[in-house]
Amino acid sequence: MALLRASLPASSLVLILALCTSGCMVGPDYETPAVPMSAEFRELDGWKIATPLDDMDRGDWWGVYDDPTLASLLREVDISNQNIAAAEAGFRQSVALVNQARSGLFPVLGFSYTGYRWHTGSAAYAGQGNPGTPTTTQTTVQIQPQLSWTLDVWGKIRREVESNVALAQASAADLASVKLSARTQLALAYFNLRAADSLQELLHETVAQYRTAHEITLDRARVGTASDYEVEISGTQLDTAKAQEIAVGVQRARLQHAIAVLIGRPPADVQVPWAPLPRRVPVVPASLPSALLERRPDIAAAERRIASRNAMVGVAVAAYFPDISLSGGFGGVLLPYATFGYSGSSAFPIAVANEIWTVGGNMAEVLFDAGLRREQVAEAMASYYESVAQYRQTVLLALQEVETQLSDLRILAQQARALDRAVKRARNAVRITLNRYRIGTVDYTAVVQAQELLLANQVSAINVRQGQFIASVTLIQALGGGWDASFLPMAENLERWRTCVSVRQMLRGPLDQEMPPCL
C-alpha cells in the first residue's frame with residue numbers, strides 16, 4: 001500500500017469512492033426545448049380528430065383503404081426492403097456504441113505471461129570467478145493478473161453513455177422513419193398504378209365508343225351523306241385513343257417494377273393484379289398539432305439528438321477535472337531448481353520462488369492548454385444549439401406538411417364534385433350530338449368536340465381522384481403513420497438489439513449474409 005499512499009492519501013481515496021457512488025455528473029441536465037406550436041390546424045375544420053382507438057394508432061394505417069392487395073404488399077416491406085435492413089443495421093451499430101461506452105464504467109482485468117529460458121556455459125561460469133566448471137540452464141516464468149479502473153468521478157463516462165443512449169434512440173426513430181417512408185413510397189406507387197389501371201379502363205371504353213362512331217361515319221359515307229374528311233377524322237380519333245391506351249402500359253410496368261424493388265424482390269417475380277382506382281377516398285383521422293411531437297419519428301429523432309449533444313457538453317466540461325484511476329496486480333515468478341551438473345534433482349522441477357503484487361493510484365490534471373478545453377466546451381454548446389434549431393425546423397416542416405395535405409384533400413374534394421357534374425354533362429352532350437349526327441343535323445366536327453371534351457373531363461376526374469389518394473397517404477405519413485414516441489427503446493432495453501458475434505465469424509469468416517439473431 002506504500003505506492004498508493006505516495007500518490008493519493010487514504011482520505012482522498014475515500015472521497016473519490018464517495019463521489020463515484022453519489023452519482024456526481026458535471027454538465028447541464030437535459031430539458032426538452034420549447035417549439036413554436038399552434039393550437040390546432042387551420043385546415044382541420046370539419047375533420048375527425050384521431051382517438052387512441054383508431055387503426056392508425058396500431059401502426060396498420062393501410063387498413064383505412066380496405067385493400068387486401070395493398071396490405072399484403074406493405075407487410076412485405078418490413079421483411080425484405082433493403083433500405084430498412086440498412087437502417088436496422090445502423091441502429092444496431094448505435095446499440096454497440098452504447099455498450100462500448102458502458103464498458104468504461106467497469107474495471108479492466110488483464111493477464112500477463114512472461115517466460116524465458118537462459119543458459120550459462122562452463123567458460124562463462126568460470127569467468128565470473130566461480131570455482132569449478134558447471135553449466136547452468138534455467139527457465140523463468142512470470143504470471144501476473146492485472147486490474148485497472150478509471151474512476152468516473154465527474155460523470156464523464158456516464159455522460160458519454162447518456163449521449164450514446166440518446167443517439168441509439170434517435171437511430172431507432174430513424175429506423176421507424178425509413179419504414180414509414182418505404183411504406184409510403186409503396187402505397188403511392190400502388191395508387192399511381194391503380195390510377196393507371198383506371199385510365200387504361202377509361203381509354204379501353206373510349207376506344208369502343210370511337211369505334212362505334214367511326215362505323216357510323218363509314219355507314220354514312222357509303223350512302224353519300226358523310227365526306228371522306230369525316231371518315232379520316234373519326235379513324236384518326238380511334239387510332240389516337242388506341243395509342244393512348246397502349247402507352248399507359250409503359251407507366252404501369254414502371255410502377256410495378258418500383259413496387260417489386262420496394263418489397264425487396266426482383267421485378268420479374270412480382271405481378272400486381274389489375275384493378276381500377278377505388279371510387280371512395282377514405283377519411284383519414286387527423287390530430288392536434290401538439291400530438292405531432294409524439295407521433296412523428298423524425299421529430300423524435302431530432303429531439304433525441306438534442307439530448308445527445310446536451311450530454312456531450314457535460315463530457316467537455318469534465319475535461320476541466322482530473323482523471324483518476326486505480327491499478328493493481330498480483331502474481332508470482334516460477335523458477336526451476338538448478339541442478340548445476342550434479343544428480344539428485346527434485347521430482348517437481350518447478351517451484352514458486354516469490355509472489356509479486358502491485359497496487360497504486362494515479363491522478364492527472366492539465367494545468368495549461370491555451371484555451372483548448374474552453375473551446376471544446378464552446379464547440380459542444382454550439383452543436384447543442386444547432387440541434388435545437390434543427391429540431392424546431394423539423395417541427396415547422398411537419399406542421400406545414402399536415403396543413404398542406406389537409407388543404408389538398410379539401411380542395412381536391414371540391415374539384416372532384418365539380419368534375420363529376422362536368423363528366424355527366426359531357427356524356428349527355430356526346431349522346432345528343434351523336435344522335436343528331438346520325439340524322440344529319442350536325443357535322444362530325446361537333447361529335448369530335450363533344451367526345452374530346454368528355455375524355456378530357458374523365459381523365460381529369462381520374463387525376464383528381466388519384467391526387468386525393470396520394471394526399472391521403474401523404475397525410476398519414478405527415479401524421480406519423482400510427483407511430484408513437486413510446487415505441488422508442490429504453491436505455492435498459494437496448495441489449496435486445498445487440499448484434500451477435502460468433503467466434504467462427506471473427507476467426508474464419510465469411511460473415512453471414514443476414515444479421516444473426518441474439519438468443
field: Residue ID - farthest from ALA34 (Cα to Cα), chosen from residues in the stretch 313-328 that are of a type outside the set (Val, Ile, Thr) and crowded, with 22+ Cβ neighbours inside 10 Å
entry: ALA318
field: Residue among TYR385, TYR337 that alone is modelled with pLDDT of 75 or more, open to solvent by 60 Å² or more (accessible area, probe 1.4 Å) and hydroxyl-bearing (Ser, Thr, Tyr)
entry: TYR385
- line: Checked against (1) among the aromatic types (Phe, Trp, Tyr); (2) open to solvent by 70 Å² or more (accessible area, probe 1.4 Å); (3) under 25 Å from ASP67 (Cα atoms), TRP483 satisfies every condition except (2)
- request: Output the residue which, of all residues in the stretch 423-445 that are of a type in the set (A, V, I, L, M, F, W, C) and open to solvent by less than 30 Å² (accessible area, probe 1.4 Å), is nearest to ARG42 (Cα to Cα).
  value: VAL423
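Conditions (1) among the aromatic types (Phe, Trp, Tyr); (2) open to solvent by less than 20 Å² (accessible area, probe 1.4 Å); (3) assigned to a helix (DSSP H, G or I), marked per residue:
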| position | (1), (2), (3) |
| --- | --- |
| VAL165 | no, yes, yes |
| ALA173 | no, yes, yes |
| THR184 | no, yes, yes |
| TYR190 | yes, yes, yes |
| ALA196 | no, yes, yes |
| GLN200 | no, no, yes |
| HIS204 | no, no, yes |
- request: Identify, from the list GLN414, GLN477, the residue that is open to solvent by 20 Å² or more (accessible area, probe 1.4 Å) and free of Cβ contacts under 8 Å to residues at least 24 places away in the same chain.
  value: GLN414
task: Could you tell me whether any residue of the stretch 237-246 is surrounded by 14 or more Cβ atoms within 10 Å (Cβ to Cβ) and touching an Asp or Glu at 6+ places or on another chain (Cβ under 9 Å)?
output: yes
- request: Inspect all residues belonging to the stretch 350-365 and state whether any of them is modelled with pLDDT under 55, open to solvent by 70 Å² or more (accessible area, probe 1.4 Å) and not aromatic (Phe, Trp, Tyr).
  value: yes
query: Of the residues ALA253, ALA302, ALA268, ALA275, which is open to solvent by 70 Å² or more (accessible area, probe 1.4 Å), farther than 18 Å from GLU452 by Cα and of a type in the set (Gly, Ala, Ser)?
result: ALA268
Members of the stretch 434-458 found to be aliphatic (A, V, I, L, M) and either at pLDDT below 95 or touching a helix residue (DSSP H, G or I) at 6+ places or on another chain (Cβ under 7 Å) (or both), listed by number: LEU434, ILE439, VAL442, ALA446, VAL447, VAL448, ALA450, LEU453, LEU454, LEU455
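The values are calculated or read from the model by the stated rules, or taken from the named source; none is laboratory data. These figures come from a predicted structure and were not determined experimentally. Here the Cβ is made from the backbone with ideal geometry for all residues, glycine too, and neighbour counts use every protein chain on show. Remember, those area values only see protein heavy atoms, side chains included, never the ligands or the DNA or RNA. Shrake-Rupley method; radii C 1.70, N 1.55, O 1.52, S 1.80 Å.
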